[in-house]
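What follows is a short report on a single structure.
The values are calculated or read from the model by the stated rules, or taken from the named source; none is laboratory data. Keep in mind that what you see is a predicted model, and the values were worked out from it rather than measured. Cβ placement follows ideal geometry from the backbone for every residue including glycine, while neighbour counts extend to all protein chains displayed. The accessibility values were calculated without ligands, DNA or RNA, using every heavy atom of the protein model including side chains. Shrake-Rupley method; radii C 1.70, N 1.55, O 1.52, S 1.80 Å.
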Amino acid sequence: MTPHDEARLVAEARGGATRAFAFLVEAHQQAVRGFLRRLVGGHADADDLAQEAFLTAWRRLDRFEGRASFRSWVCGIGYRLARDQRRARGRAMRRDAAWLEEEGPAAIPHAGEAAVDAGTLLAALPEDQRAAVALCLGCGFSHAEAAEALAMPLGTVKSHVQRGRARLRALLGETDD
Amino acid sequence: MTRLDAILAEGDPPARDPAFTLRVLEAAARDAARRSVRRRTLRALLWSAAAALSLLVLTAPAQGSGDVLLIAGGTLVAAVGFARLARRAEGFP
């Protein structure tokens, strides 16, 4: 989908055309759901969040300025929803995250051991770093696109990706060649 | 490709998933219906409050303050009742 097509569909959807919005959802659901699956781990939770993100986008289409791509915008909404949900879940989640921070290296199987999925692996990273790594290394977003989606400075995103990648490689027992 | 790249590349949903799109559109339709009912409920409440106020003003000179309060209160209670019935008729608890 070209940026021109996307702008036309957004304009039509703003006017209430659900068919245009359906095209936008169909075109971008893979990126948004893929990002949220990597960010929150569970597929069902991630898909619920993705649905909520698209729904929020539908309600607030008039606020979409077109500076970022539509998928960056919806991923940004999904990221904020995931963050709010995690905060709402409170202490139990924080305790789990703290445990993962401490036990991360031992909890990740090394090369040749049992398979590990992206959600489990990325849970070892702090939230901002995880989001940047998931977008740039998992979903193929450019650093600039990820910066727009996460509302972070470009330099911060680059640094998060670099540090996150190094940490994950260390957890997997990989070395830089 | 490193093991890390391979792990991160996994887990994407299919490129086309009409079921998910349909789910989003149904949720959007439900949301629109809910907001429409909320708007109508609010409008009904505002009209009822205005009617109660009018009654209050019209009957104040003729009746005692106790009767006026009774009429205004009764109108508001009826308005809330009608609003709840309207919501239930739309399928909301």
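Structural remarks
- Selection status of B:Pro18, within 9 Å of another protein chain (Cβ to nearest Cβ), open to solvent by 70 Å² or more (accessible area, probe 1.4 Å) and either of a type outside the set (Gly, Ala, Ser) or over 30 Å from A:Gln162 (Cβ atoms) (or both): yes
- Options B:Leu46, B:Leu42, B:Leu76, B:Leu56: the member that is over 30 Å from A:Gly140 (Cα atoms), away from chain A (no Cβ under 14 Å), assigned to a helix (DSSP H, G or I) and at pLDDT below 75: B:Leu56
- Scanning region A:139-177 for residues that are over 17 Å from A:Ser69 (Cβ atoms) and not hydroxyl-bearing (Ser, Thr, Tyr) yields a total of 20.
- Selection status of A:Ala147, more than 14 Å from chain B (Cβ to nearest Cβ), modelled with pLDDT of 90 or more, farther than 14 Å from A:Val32 by Cα and touching a Leu at 6+ places or on another chain (Cβ under 6 Å): yes
Residues checked against (1) over 21 Å from B:Ala15 (Cα atoms); (2) crowded, with 20+ Cβ neighbours inside 10 Å:
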| position | (1), (2) |
| --- | --- |
| A:Leu135 | no, yes |
| A:Ser142 | no, no |
| A:Gly155 | yes, no |
| A:Gln162 | yes, no |
| A:Thr175 | yes, no |
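- For region B:22-37, the tally of residues that are more than 11 Å from chain A (Cβ to nearest Cβ) and either closer than 17 Å to A:Arg60 by Cβ or surrounded by 15 or more Cβ atoms within 10 Å (Cβ to Cβ) (or both) stands at 2.
- Scanning region A:37-79 for residues that are of a type in the set (A, V, I, L, M) and either facing chain B (nearest Cβ under 10 Å) or not in a helix (DSSP H, G or I) (or both) yields A:Ala46, A:Ala50, A:Ala53, A:Leu55, A:Ala57, A:Ala68.
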